[in-house]
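Trainee: One structure, as structure tokens, below. Some questions next.
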């Protein structure tokens, strides 16, 4: 039997066996399709459009798809076992796009240049810089490994089943394509090297190292220190060597190290860096000391586990307010609303809480709330938000307590992450994501991991500083902590 796949108007026809799972085929062929639950049918994100007669509906699809989607021939790829010749279209918004998905050319480049890549669980962002560190161009895309699961543990589980090579080839091919696209804008440029930052699992996978030990206690990675390899050995065609920024611990990687490199030094005071990703990493540093921890926040703030969630891109609801019962919605780029990003999720929940539509236990009146035409927030979204914010709030509380400092001792709090530039601090405090004591000390800093990675790419001194930071850091393990469990439960309430 034959399967025809249509993506962005480009068809591909291939042979398929009866009974093959459609999602597995799309993964194997390298298509960027969102499957944050790793294909177990719980996220409802892997939607495809059948242009031929669609297969019978499964119970999961009856629950996850709207009547209109069903009538239009939409199905979930993870639930489809092929039974005959068919043609499917992958919607252009099937994946989770991110800000900066196109090439953003800053200035003309010539001569030596360097690349910096932030390898996030959800997103990849690459920058081409000159020898002084001035950015020539940037490009961002959703990490195509998302087809194998939204979080680190899903990827580690895939490694357990022999999927390391598949994961490595997926991310290496994507990074290579991104870098080639950037270099194409500067034909005279000579790429000297590529520096990468990211969480520990993402860096281990990129360097093709088996990090399956991260899936069980004592959560042992393949490596933490800075790693160097030739680009060719990793499957890159751009040439030169690839160097990673050192990580602090199994779940506090080179991304949080790079973030501290990028931020002002704290010789006398204390600062906190909170990287709001799928795995939230938190560092408290200054006065010659560094403490760090992490919390499995899940992908709620990056939109992956929210029914109509999306990244911080054009059309994402990024700000929300209820004025006399009337919604005021702002979207990124002032485009028509398509979904909800992390900052929008925080604003919506805080406003519903203020207006009695959501109570402190997380109960949402009516089970859903319409934000604007075509975009709603659902009860299960509130639950995902509670899980994420409780993990982060509990981690902040314990990190401060275990370090022996007080909230009043912290001079600055920096929020990093894909939606950090849009976050409303007051609403984050209202939900209990951030403690009240830090409300007036908090500022968004964008992608601090990429900023630090750029510095390390062009400056041996900054790379040496990153090594020093990683070695000096004291990691607070929360996985089996009774105190964390108690704090987590306490912070579930709004």
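Trainee: Looking at the stretch 347-419, what strands (runs of 3 or more DSSP E) fall wholly within it and have at least 2 residues that are under 19 Å from the mean Cα position of the chain (by Cα)?
Mentor: 410-416
Trainee: So which residues in the stretch 121-137 are in a strand (DSSP E or B), touching a residue at least 60 places away in the same chain (Cβ under 8 Å) and buried (at least 23 other Cβ atoms within 10 Å of the Cβ), if there are any at all?
Mentor: 123, 125, 127, 128, 129 - these are the residues of the stretch 121-137 that are in a strand (DSSP E or B), touching a residue at least 60 places away in the same chain (Cβ under 8 Å) and buried (at least 23 other Cβ atoms within 10 Å of the Cβ).
Trainee: Does residue 88 count as over 29 Å from residue 182 (Cα atoms), part of a helix (DSSP H, G or I) and at pLDDT 90 or above?
Mentor: When the stated conditions are applied, residue 88 does not pass them.
Trainee: Looking for something touching a residue at least 40 places away in the same chain (Cβ under 8 Å), within 17 Å of residue 487 (Cβ to Cβ) and surrounded by 18 or more Cβ atoms within 10 Å (Cβ to Cβ) - is there at least one such residue anywhere in the stretch 350-372?
Mentor: no
Trainee: From the list 292, 318, pick out the single residue that is modelled with pLDDT of 95 or more and surrounded by 22 or more Cβ atoms within 10 Å (Cβ to Cβ).
Mentor: Sole residue among the options that is modelled with pLDDT of 95 or more and surrounded by 22 or more Cβ atoms within 10 Å (Cβ to Cβ): 292.
Trainee: Next question. Identify all residues within the stretch 463-494 that are part of a loop (DSSP other than H, G, I, E, B) and in contact with a strand residue (DSSP E or B) (Cβ under 9 Å, 6 or more places away or on another chain); write none if there are none.
Mentor: Our first condition is that a residue be part of a loop (DSSP other than H, G, I, E, B); within the stretch 463-494, this holds for 473, 476-481, 491-494.
Residues satisfying the conditions are 473, 476, 477, 478, 494.
Trainee: Is it true that some residue in the stretch 219-235 is touching a helix residue (DSSP H, G or I) at 6+ places or on another chain (Cβ under 7 Å) and within 18 Å of residue 126 (Cα to Cα)?
Mentor: Scanning the stretch 219-235 turns up at least one residue that is touching a helix residue (DSSP H, G or I) at 6+ places or on another chain (Cβ under 7 Å) and within 18 Å of residue 126 (Cα to Cα).
Trainee: Taking only the stretch 167-189 into account, find how many residues are within 21 Å of the chain's Cα centre (by Cα) and without any contact (Cβ under 8 Å) to a residue 24 or more places away in the chain.
Mentor: Looking only at that region, the number is 1.
Trainee: List the number of the failed condition for residue 193; all other conditions in (1) touching a strand residue (DSSP E or B) at 6+ places or on another chain (Cβ under 7 Å); (2) surrounded by 24 or more Cβ atoms within 10 Å (Cβ to Cβ) hold.
Mentor: Condition (2) is where residue 193 drops out.
Trainee: Please state which of the following conditions residue 269 fails to meet, knowing it meets all the rest: (1) modelled with pLDDT under 95; (2) in the same structural domain as residue 136 (by TED's automatic domain parsing).
Mentor: Result: residue 269 passes all but (2).
Trainee: Identify, by number, the condition in (1) within 16 Å of residue 281 (Cβ to Cβ); (2) modelled with pLDDT under 95; (3) surrounded by 21 or more Cβ atoms within 10 Å (Cβ to Cβ) that residue 446 doesn't meet.
Mentor: (3)
Trainee: Next question. Report yes if residue 118 is farther than 17 Å from residue 452 by Cα, in contact (Cβ under 8 Å) with a residue 12 or more places away in the chain and either touching a helix residue (DSSP H, G or I) at 6+ places or on another chain (Cβ under 6 Å) or not in a loop (DSSP other than H, G, I, E, B) (or both), otherwise no.
Mentor: no
Trainee: Does residue 311 satisfy being in contact (Cβ under 8 Å) with a residue 24 or more places away in the chain, part of a loop (DSSP other than H, G, I, E, B) and out of contact with any strand residue (DSSP E or B) (no Cβ under 8 Å at 6 or more places or on another chain)?
Mentor: Answer is no for this residue.
Trainee: Continuing with the same structure: When you look at residue 154, is it out of contact with any strand residue (DSSP E or B) (no Cβ under 9 Å at 6 or more places or on another chain), surrounded by fewer than 24 Cβ atoms within 10 Å (Cβ to Cβ) and within 16 Å of residue 451 (Cβ to Cβ), yes or no? Working first, answer last.
Mentor: Values: out of contact with any strand residue (DSSP E or B) (no Cβ under 9 Å at 6 or more places or on another chain): yes; surrounded by fewer than 24 Cβ atoms within 10 Å (Cβ to Cβ): yes; within 16 Å of residue 451 (Cβ to Cβ): no.
No: the conditions fail for residue 154.
Trainee: Now for a different question. When residues of the stretch 265-291 are filtered for being on the phi < 0 side of the Ramachandran plot and without any contact (Cβ under 8 Å) to a residue 24 or more places away in the chain, how many remain?
Mentor: Selection size over the stretch 265-291: 3.
Trainee: Can you pull out every residue in the stretch 242-261 that is surrounded by fewer than 24 Cβ atoms within 10 Å (Cβ to Cβ) and in contact with a helix residue (DSSP H, G or I) (Cβ under 7 Å, 6 or more places away or on another chain)?
Mentor: Filtering the stretch 242-261 down to residues surrounded by fewer than 24 Cβ atoms within 10 Å (Cβ to Cβ) leaves 243, 249-250.
Result: 250, single match.
Trainee: Take the stretch 456-490 and flag every residue that is within 23 Å of the chain's Cα centre (by Cα) and surrounded by 22 or more Cβ atoms within 10 Å (Cβ to Cβ).
Mentor: 456, 457, 466, 470, 478 - these are the residues of the stretch 456-490 that are within 23 Å of the chain's Cα centre (by Cα) and surrounded by 22 or more Cβ atoms within 10 Å (Cβ to Cβ).
Trainee: Could you grab me the full set of residues in the stretch 295-306 that are buried (at least 20 other Cβ atoms within 10 Å of the Cβ) and outside any strand (DSSP E or B)?
Mentor: Passing the criteria: 297, 298, 299, 300, 301, 302, 303, 304, 305, 306.
Trainee: In addition: Touching a residue at least 60 places away in the same chain (Cβ under 8 Å) and more than 27 Å from residue 292 (Cβ to Cβ): which single residue out of 149, 235, 198 fits that description? Spell out how you get there, then give the answer.
Mentor: Details: 149 fails: more than 27 Å from residue 292 (Cβ to Cβ); 198 fails: more than 27 Å from residue 292 (Cβ to Cβ).
Matching residue, one of 149, 235, 198: 235.
Trainee: Can you pull out the strands (runs of 3 or more DSSP E) entirely within the stretch 212-277 that have at least 1 residues that are more than 23 Å from residue 128 (Cα to Cα)?
Mentor: 270-275
Trainee: Out of all the residues in the stretch 449-462, which are more than 11 Å from residue 261 (Cα to Cα) and in contact with a strand residue (DSSP E or B) (Cβ under 6 Å, 6 or more places away or on another chain)?
Mentor: If the condition is that a residue be more than 11 Å from residue 261 (Cα to Cα) and in contact with a strand residue (DSSP E or B) (Cβ under 6 Å, 6 or more places away or on another chain), then 457, 458 are the ones that fit.
Trainee: Can you find a residue that is closer than 22 Å to residue 252 by Cα and surrounded by fewer than 23 Cβ atoms within 10 Å (Cβ to Cβ) anywhere in the stretch 378-387?
Mentor: Looking for residues that are closer than 22 Å to residue 252 by Cα and surrounded by fewer than 23 Cβ atoms within 10 Å (Cβ to Cβ), one finds at least one in the stretch 378-387, hence yes.
The values are calculated or read from the model by the stated rules, or taken from the named source; none is laboratory data. Just so you know, these numbers come straight off a predicted model, no measurement behind them. Heads up, the Cβs are rebuilt from the backbone with ideal geometry, glycines too, and the neighbour counts pull from every protein chain shown.
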